[in-house]
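Quick notes on the structure that follows.
The values are calculated or read from the model by the stated rules, or taken from the named source; none is laboratory data. This structure is a prediction, so every number in the text was calculated from the model and none was measured. Positions of Cβ are generated from backbone atoms using ideal geometry, with glycine treated the same way; all protein chains shown enter the neighbour counts.
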Amino acid sequence: MGAAGSASALETADIALLSDEFSRLPWLLEHARRTLRIIRQNIAASLTVKGAFVVLALTGNATLWAAIAADMGVSLAVVFNALRLLADGAPSTIRPASPTASPISFPTPTT
């Protein structure tokens, strides 16, 4: 179907393939699985640190600044962990967009 699909089909679909190259599907499925693994890792790391600081705060062993620093540290770690997905390059059949092509088209003003 590619990009020629109807608007309602593209809106309701879980996945919309915008080209007819089905050779990309194995990469897409593996990338989706890897993305979910990284999301779960990020959520687990964040909740673990927050839980640890709740326990430390209840026992009187954590300061506000330590909790803030830990939260910011986990936030940075989560971002860097998610950036690992960029290292998993797309298959060679996917060609990047032309550097001169703008992803956003602006209407020309009429006077």
### Message
Tell me whether the range 55-68 contains one or more residues that are among the aliphatic types (A, V, I, L, M), more than 30 Å from E21 (Cα to Cα) and under 16 Å from the mean Cα position of the chain (by Cα).
### Response
no
### Query
When only residues in the range 25-43 that are surrounded by 13 or more Cβ atoms within 10 Å (Cβ to Cβ) and not aliphatic (A, V, I, L, M) count, which is farthest from the chain's Cα centre (by Cα)?
W27
## Note on the structure
Per the list (1) surrounded by 11 or more Cβ atoms within 10 Å (Cβ to Cβ); (2) charged (D, E, K, R); (3) at pLDDT below 90, residue check on K50 breaks on (3)
#### Entry: Residue list for the range 1-15, filter: modelled with pLDDT of 75 or more and either touching a Ser or Thr at 6+ places or on another chain (Cβ under 7 Å) or surrounded by 10 or more Cβ atoms within 10 Å (Cβ to Cβ) (or both)
A9, A13
### Message
Being at pLDDT 95 or above and loosely packed, with under 14 Cβ neighbours inside 10 Å is true for just one of L86, L18, L76. Which residue is that?
### Response
L76
#### Entry: Per-region count, the range 56-73, residues exposed (fewer than 11 other Cβ atoms within 10 Å of the Cβ) and of a type in the set (S, T, N, Q)
2
### Query
What are the pairs, 6+ residues apart or on separate chains, where a residue within the range 20-41 that is on the phi < 0 side of the Ramachandran plot has its Cβ under 7 Å from a residue that is surrounded by 11 or more Cβ atoms within 10 Å (Cβ to Cβ) and in a helix (DSSP H, G or I)?
R34/L85; T35/L85; I38/N81; I38/A82; I38/R84; I38/L85; Q41/N81
